[in-house]
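What follows is a structure written as structure tokens; I'll ask about it next.
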Amino acid sequence: MDAIPQLTEGACARFHSGDKDDEQLWSSSPIVQLLSIKKVSASQGHDRYRVIISDGVNFIQSMLATQLNSLVEADTITKNTICKLTNMSCNVIQNKRLVVVLGLSVVQKDAEKIGNPAAFPTDEATTPAASNITPTSAPSATTTPSVPQQPRQQQSSRGTRNNIFPIEGLSPYQNNWTIKARVIQKSDIRTYSNQRGEGKFFNVTLMDDSGEIKGTGFNAVADELYDKLVEDKVYYISKARVNLSKRKFSSAQEYELSLERNTEIEECHDTSNLPVVKYNFIELGNLEELPKDSICDVIGVVKDVSEVSEIQTKTQRTLSKRELTLVDSSAFSVRLTLWGKQAEQYNASPNSVIAFKGVKVGDFGGRSLSMFSSSTMAINPDMPEAHNIRGWYDDIGTSTQFQAHTSSMTSAGTGGTINRSEMRTLNDVKESQLGSSDKVEYFSCRATVMHIRGENISYPACGTEGCSKKVVEGHDGWRCEKCDRSFETPTYRYMIQMAVADYSGQAWLSGFNDVGLIVFGMTANELHDIKERDDAIYTAILQKATCNTYNFACRAKQDTFNDTTRIRYGISRIQPLNYEEETQSFVDLLKSPWAQ
């Protein structure tokens, strides 16, 4: 029988005392037992879990950061699991003490209850205020566990400063709080116009050891506070309003700050325990595992930099852009786009190591990355990950052959697998409203091609390997702005819209080059040449491509165009029917418990 792990003696008593100088407890990663895990009623779609932790003698209330929710949902931690707390914060909310668990590792999942732990005299078994705490982010596993922040008093030039809160603990239900936070990003002052008139605003992203939060100031507040906040400096901030974040403009945090006329901002000159930027890096080779539009942190060597170019937005605004090619030790490369001033002011030396925080994942041509106005980048940062990747690149990276994420690779990743045992009818897909949420949803179906739109079935693309950008005809040939090259003739690539049907209904599917190659059995160049020479033959080829049945792996995603919202179905993978395999799948189905 395995030995029972030893719980950290007196850990709960020391949590309960809230001694901010008890650094030995925080840095030692105390081992505790989880006596109870209970879901708290959620708001705005955010589940929260209340946990009771025990040291074998006493127990105390705790909440999991929401980024640890997957440990509960995947059954990684359960009742009586013994774990090591690698990062936590201790808060006092309405005179109740609450531990927020920001990081943990499992020591023993299935264990018997240890001891007969009791509550502290001043601590109740249920804490109403606990439901007001909504942990939203956890530090990266690559960062060192930090000393937790808890409400405490600090002296400032304005007198005694009360209730220094971790950002993790803020909610609309607390008043009289102060956060000690670092400015990791500040936008330009921007203008807007709506039915109520014109105005201006700016955004700022603040962080401490427990998490991040966005703040916004409008009009007169923007004029008053903009110059008071400087990127990478630390401030005491209080008397701002905590609101639920607007999901259209904030992708990660549950709450955001509205900066007001009476908001107090004071620079922190105390150099001890200053919050540092935390990253949760993902290797470039693993980007295909992330869904489109997700947010991530990456670090790599900039192998190639394009010149600044300009594009016209849908609102006829001119926007600057610059593309970087980023590589790392996974032997993958990815295109990362900078916009606006980020593109214009980029001046890193060749082969610099850059850490990017909060970049958006795209799926055009495979996987790509793009910076938001709220994204940040640190050039040659002083951190272990940067030193490691610098050593790798100088040693073997310069001679490594890097692989780009292509559409075919991505289709084989998340959502790109055709599962015959889980085929869905088109009517079921529509009635289930797949894709109506903010995230991409995937499904497999078997359908017959009924009609293919013959207009705009292909587009002129760049002939450079790994580049599928559209080229424009000019005086010196067909020009690719991305590659800064011109070609005598373009390479055409498929861009297909086709109606498919099964016994239950019909749907429109869209696909790109790999789909067209299978449907037509020829390249887009060949089909384009036929269309230019003889329209009758072209029409006959389109007709011949219909009435064929395929297995499809598809993705469903909501799309808005001209104020009209609809769900689009894109083809991740197409597969001609193999009748021997199809027959065997039906035989297996008949032998399954479903048919008995």
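Relative contact order of the stretch 284-403: what whole-number percent is it, with Cα pairs under 8 angstrom and at least 6 residues apart?
So the answer I get is 29 percent.
For labels at Gln401 and Tyr173 in the simple 7 Å Cα→Cβ model, what's the distance in nm?
6.0
Which residues' amide hydrogens lie under 5 Å from the amide hydrogen of Thr86, considering only partners 5 or more residues apart or on another chain, with H built in the peptide plane?
Here the answer is Gly103, Leu104, Ser105, since their amide H atoms fall under 5 Å of that of Thr86.
Once you put a point 7 Å from the Cα of Ser349 and another 7 Å from the Cα of Tyr503, both along the Cβ direction, what distance in nm separates them?
According to this spin-label approximation, the distance is 6.9 nm.
With θ set to phi - 60° and the Karplus curve 6.51 cos²θ - 1.76 cosθ + 1.60, what are the ³J(HN,Hα) couplings of the stretch 538-555 in order, to the nearest whole Hz, using x for Gly and Pro?
In residue order, the calculated couplings are 4, 5, 5, 5, 4, 5, 5, 6, 7, 6, 9, 9, 9, 8, 10, 9, 10, 10 Hz.
What is the distance in Å between the Cα centroid of the stretch 553-585 and that of the stretch 454-470?
The stretch 553-585 and the stretch 454-470 have Cα centres separated by 22 Å.
Quick one: 3J(HN,Hα) in Hz for the stretch 176-192, Karplus 6.51/-1.76/1.60 with θ = phi - 60°, rounded, Gly and Pro as x.
6, 10, 9, 10, 10, 9, 9, 7, 9, 6, 9, 7, 6, 6, 10, 10, 8
Among 531-543, 230-242, what's the highest-first ranking by average C-beta atoms within 10 angstrom per residue?
230-242, 531-543
For Lys228, give me every one of the lysines with a C-alpha distance below 19 angstrom, ignoring sequence neighbours fewer than eight places off in its own chain.
Lys180, Lys186, Lys200, Lys214, Lys239
Would you mind putting 9-15, 306-312, 210-216, 368-374 in packing order, based on average other-beta-carbon counts within 10 Å, highest first?
Top to bottom by mean Cβ count within 10 Å: 210-216, 9-15, 368-374, 306-312.
At a 10 angstrom cut-off on C-beta neighbours, averaged per residue, how do the peptides 72-85, 389-402 rank from highest to lowest? Please list the in-between numbers first.
Numbers: 72-85: 16.9, 389-402: 13.4.
The densest-packed peptide leads the list: 72-85, 389-402.
Whole-Å semi-axes of the stretch 284-403's equivalent ellipsoid, largest first, each the root of 5 times a Cα gyration tensor eigenvalue? Let's see the in-between values first.
Details: eigenvalues 115, 53, 35 Å².
The three semi-axes for the stretch 284-403 are 24, 16, 13 Å.
If you don't mind, another one. Quote the relative contact order of the stretch 427-551 in percent (integer), defining contacts as alpha-carbon pairs under 8 Å separated by 6+ residues.
Here the relative contact order equals 28 percent.
Can you divide the C-alpha Rg of the stretch 279-335 by 2.2 N^0.38 Å and report the result to two decimal places?
Numbers: Rg = 14.1 Å, N = 57, 2.2 N^0.38 = 10.2 Å.
Expressed relative to 2.2 N^0.38 Å, the Cα Rg reads 1.38.
May I ask you to list the residues of the stretch 212-229 whose amide nitrogen lies under 16 Å from a point 7 Å from Cα along the Cα→beta-carbon direction of Ile189?
In the stretch 212-229, the label zone of Ile189 (backbone N under 16 Å from the point 7 Å along Cα→Cβ) covers 216-229.
Note down the nm distance, to one decimal, between modelled labels 7 Å out along Cα→Cβ at Ser320 and at Ser486.
2.6
In addition: What ³J(HN,Hα) values, in whole Hz, does the Karplus curve 6.51 cos²θ - 1.76 cosθ + 1.60 give for the stretch 496-501 when θ = phi - 60°, with x put for Gly and Pro?
Result, rounded to whole Hz: 9, 10, 9, 8, 10, 8.
Suppose the chain between Asp293 and Glu455 were pulled fully straight at 0.36 nm per residue; how much longer would it get relative to their current alpha carbon spacing?
Additional length available on full extension: 55.4 nm.
Quick note: the coordinates plus some simple rules give every number you see, no bench work behind them. Treat the numbers as computed from the prediction; the structure is a model and nothing was measured. Every residue, glycine among them, receives a Cβ derived from its backbone with ideal geometry; neighbour counts consider all protein chains shown.
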